Structures are given as structure tokens and as C-alpha cells.
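S.K.: Take this structure first; my questions come after.
The values are calculated or read from the model by the stated rules, or taken from the named source; none is laboratory data. Everything quoted here is computed from the prediction, not taken from an experiment. Please note: Cβ atoms are built from the backbone with ideal geometry, for glycine as well, and neighbour counts cover all protein chains shown.
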Amino acid sequence: MTTAPVAAGRAAVVCGIGAELPPHIVTNADLTAGLDTTDEWIRSRTGIAQRHIAGADLSTGDLAVRAGAQALADGQPVTVEALVVATTTPDRCCPATAPAVATRLGLTGIPAYDLAAGCTGFLYALATGAGLVATGTVRTVLVIGADRLAALPNPEDRTTVPLFGDGAGALLLRQGSADEAGALGPVVLGSDGTGADLIRASRPGALHMDGSEVFRHAVDRMATASRQAATAAGWELDDIDRLIPHQANSRITAFVARRLGVPEDRQLSDITETGNTGAASIPLLLARSAADGRLKPGHRTLLTAFGAGLTWGATTLTWPSLRNSHPTERGRT
Ligand code: UT7
């Protein structure tokens, strides 16, 4: 499915970014104390060297508030009129996490809702946020991806524990025009419930994942969605300056880039430092690479993700000039 902006020329434009990572870092070496694994296996099969883990005192809502506050501080001064929180790990089954996050950000009264689409959640949330703007329902929307995925695996399962980390990232969108830097292009989204059992968790500590089957689907779906999003934006694949794929496994993202013919130096990554942070992964990578200079204003940027559901998505934007915010700038690695 491709979501096109409703009113010709009107678009949702990125005008702020924020990111948050818990201070506690768990390295691969730390994991070998309790799991039958090695740093070499984890690095070579996934690209991951460490992950940030939230303690019991840091909820998904806490991470979301910190990333959202950064996006508001770093964005142009606007009044936020809606909030979407993409998460697979809400603080409670009911109520949703977003209304409490909104209130803690001083935004009581605005529409605020959660959205669950696995690791594709941030792109689904961007699409709905952009839709609110395109229809004129609101003029600004804060979109946050926040997850504590490290809580999902069985702590004794070496096949899933090393993969996941915690974090949150946010983009602030405002109403603008499609020809501005920062304007989101059409969003390609899809799902396939026949693969629902491939990644599933009935509760924290009970994650099941068929890794190799998920790997195959992830490469196929992200490559196809990326092509579709580029075409919908009127781009050739050669036009892509920066590919920002969901960070699940560096071998998956390398395959996606190869299928698209995107040179390695244009495919950005931070999985070594963060592991798979679910709905937070794309905004975290955007924030880190904008902060360290790998992503510059004017870069034609393609975002793509794949996750539980199965779900997938992709979209485009020309990276705008923003004041950047990433925890690395605030002294964290
Ligand atoms: O966010 C979207 C959702 N998630 C993903 O996209 C993840 C997709 N899948 C993957 O990233 C990879 O499939 C994994 C990283 C999960 C696994 O890598 P793999 O290369 O597909 O390995 P495998 O599952 O085929 O396992 C190969 C071997 C097995 O041993 P045997 O049966 O060959 O003796 C595993 O038991 O590696 C073993 N193994 C490990 N060994 C050391 C699995 N996990 C570990 C480990 N340490 N942590």
C-alpha cells in the first residue's frame, strides 16, 4: 500500500529530532557470563557489539518522554497538536502509553495514541502522523518510536538475547509543502499475517523467533518496499544518497543495499552500538548519523523497516537542516 499526501503540494515536513538511550550498556563479553555464546559469534552473525538496557526504573514511557523532549527542544518552536507513540512494549496493556507521555511533555488535551507494528512501527506512525497533517486535522505532530525489546527474550535463549536493546527516537513533523527539504514522500506499507508466528511473544521473557525465515523475509520485503518508495517519490535508485534501514542485523541490511545497488558507504548503521531497538531504530540511526555528519542536509534519504506481524515499510525524504540531538552528543557512546 502506498499512502500519498491528500492535498496536492501539502506535506508533513520534519522539523525536529530527538533520541534517548538508557545509560547502562551490556557488551557481548558481559553476555558470555550467562549464555553459551561468544563475542565473535554475535559480531560476525549480527554486527552487534553492545546494547543499551533500561533498568526496572526506566519504562518505555520514560524513554519516549526523553526523546520527545529532545525533539521539541531541538525543533523550530511549534505547538504540538498530536502525538503518536510506536511501540511493541507499552507500559501497560491499558491505557495506551501516549496520553501519559503527552501529559508529561506538557501536551495535555491533544490527540495521543499508540501504534503497534513491530519493528516497522516508526514508519507506520510516520504515515499516520503525515496523514493527520495532510488532511489538515493538525498542523504539527510528534512521532516517537520507543521500545524495551531487551525485556522480551527468555533470558536463557542465546538465539534472541544478544539481538535486542532499548531506546527511543522522535521526529517532529509540521505542515509544509512537498518541495521543501524534510518533506516526507509517499509511505509504502504492508503486512502478511500468515507469518504472524515467525516472531511472537505472549509476554515479556517469552519471545519466539524463527531467525533464518525472518531473515529471508526481511531482505525481500525491505528491498521491494524500498524500490516502491523510491518510484513513488519519483527517484531512481541511483538518487539515494543515504539508506537508513531498520537495524536488526548488519547482514540483512548489507543484502538489502546490495539488492538495491546502493554502495556500502551510503548505507548507514549503528547496530554495533545499539542492537535491535525496534520502533526506535530508525529515528535513533537518523539522530546519530545527523550528529556525527554521515547524514547531511540535502541528502536524499530512504528509510525502510521490517518486523513482527509480518510488517514492512519504506519512505523517502531529503534530509533537512536541523539542530541535532543524539545521546552521543550528551556524552554517551
Ligand atoms: O527486527 C526484525 C526481526 N528480527 C530479525 O530480522 C532477525 C532476523 N534473523 C537474524 O538476524 C538471524 O537469523 C539470527 C542472528 C537470529 C541468527 O543467525 P543465523 O546466521 O540465521 O544463525 P542460525 O539461526 O542459522 O544458527 C546457526 C547456529 C546454530 O547452531 P547449529 O544448529 O548450527 O549447531 C545456533 O544454535 O548458531 C547457533 N547460535 C549461536 N551460537 C552462538 C544461535 N545463536 C547463537 C549465539 N551464540 N548467540
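S.K.: Looking at region 11-46 only, could you name the residues that are assigned to a loop (DSSP other than H, G, I, E, B), surrounded by 16 or more Cβ atoms within 10 Å (Cβ to Cβ) and touching a Ser or Thr at 6+ places or on another chain (Cβ under 8 Å)?
M.R.: Selection gives LEU21 alone.
S.K.: Of all residues in region 210-226, count the ones that are touching a helix residue (DSSP H, G or I) at 6+ places or on another chain (Cβ under 7 Å) and not hydroxyl-bearing (Ser, Thr, Tyr).
M.R.: 9
S.K.: Determine which single condition SER269 fails, assuming it passes every other condition in (1) over 18 Å from THR87 (Cβ atoms); (2) within 16 Å of the ligand (Cβ to nearest atom); (3) not in a loop (DSSP other than H, G, I, E, B).
M.R.: In the conditions (1) over 18 Å from THR87 (Cβ atoms); (2) within 16 Å of the ligand (Cβ to nearest atom); (3) not in a loop (DSSP other than H, G, I, E, B), SER269 misses (3) alone.
S.K.: Against the conditions (1) within 20 Å of GLY18 (Cβ to Cβ); (2) among the hydroxyl-bearing types (Ser, Thr, Tyr); (3) at pLDDT below 95, where does THR103 fall short? Just the number, please.
M.R.: Condition not satisfied by THR103: (3).
S.K.: Would you pick out the residues in region 230-245 that are more than 13 Å from THR301 (Cα to Cα) and touching a residue at least 40 places away in the same chain (Cβ under 8 Å)?
M.R.: Within region 230-245, just ALA232 meets the criteria.
S.K.: Another question, then. Check ASP74 against each of (1) surrounded by 21 or more Cβ atoms within 10 Å (Cβ to Cβ); (2) in contact with a Lys or Arg (Cβ under 7 Å, 6 or more places away or on another chain) and name the one condition it does not meet.
M.R.: Evaluating ASP74 over (1) surrounded by 21 or more Cβ atoms within 10 Å (Cβ to Cβ); (2) in contact with a Lys or Arg (Cβ under 7 Å, 6 or more places away or on another chain) leaves (1) as the failure.
S.K.: Which is in contact (Cβ under 8 Å) with a residue 24 or more places away in the chain, within 27 Å of VAL26 (Cα to Cα) and within 16 Å of the ligand (Cβ to nearest atom), of LEU310, LEU284? It would help to see each step written out before you state the result.
M.R.: On the way: LEU310 fails: within 27 Å of VAL26 (Cα to Cα).
Only one candidate qualifies: LEU284.
S.K.: Turning to a different aspect of this structure: Can you tell which of ALA86, ALA49 is within 16 Å of the ligand (Cβ to nearest atom), surrounded by fewer than 19 Cβ atoms within 10 Å (Cβ to Cβ) and touching a residue at least 24 places away in the same chain (Cβ under 8 Å)?
M.R.: Sole residue among the options that is within 16 Å of the ligand (Cβ to nearest atom), surrounded by fewer than 19 Cβ atoms within 10 Å (Cβ to Cβ) and touching a residue at least 24 places away in the same chain (Cβ under 8 Å): ALA49.
S.K.: Would you pick out the residues in region 312-333 that are at pLDDT below 90 and hydroxyl-bearing (Ser, Thr, Tyr)?
M.R.: Listed by number, the residues that qualify are SER325, THR328, THR333.
S.K.: I'd like the full set of residues that are buried (at least 22 other Cβ atoms within 10 Å of the Cβ) and within 19 Å of ALA12 (Cα to Cα), limited to region 92-114.
M.R.: Selection gives ALA112 alone.
S.K.: Now a separate question. Which one of ALA117, ALA127 is within 19 Å of GLY313 (Cα to Cα) and within 16 Å of the ligand (Cβ to nearest atom)?
M.R.: The unique qualifying residue is ALA117.
S.K.: If you take the residues in region 273-289 that are hydroxyl-bearing (Ser, Thr, Tyr) and surrounded by 24 or more Cβ atoms within 10 Å (Cβ to Cβ), which one is farthest from ALA305 (Cα to Cα)?
M.R.: Residue satisfying both the conditions and the ranking: THR274.
S.K.: Moving on. Can you confirm whether GLU180 is part of a loop (DSSP other than H, G, I, E, B) and either at pLDDT 95 or above or of a type in the set (D, E, K, R) (or both)?
M.R.: In short, yes.
S.K.: Still on this structure: Please specify each residue of region 186-213 satisfying the condition of being in a helix (DSSP H, G or I), free of Cβ contacts under 8 Å to residues at least 40 places away in the same chain and within 12 Å of the ligand (Cβ to nearest atom).
M.R.: Result: SER212, GLU213.
S.K.: From the list ALA225, ALA248, which residue is within 16 Å of the ligand (Cβ to nearest atom) and either polar (S, T, N, Q) or more than 26 Å from PRO153 (Cα to Cα) (or both)?
M.R.: Criteria check complete, one pass: ALA225.
S.K.: Kindly list the number of the only condition in (1) out of contact with any Cys (no Cβ under 8 Å at 6 or more places or on another chain); (2) more than 30 Å from GLN50 (Cβ to Cβ); (3) outside the structural domain of LEU105 (by TED's automatic domain parsing) that fails for GLY182.
M.R.: (1)
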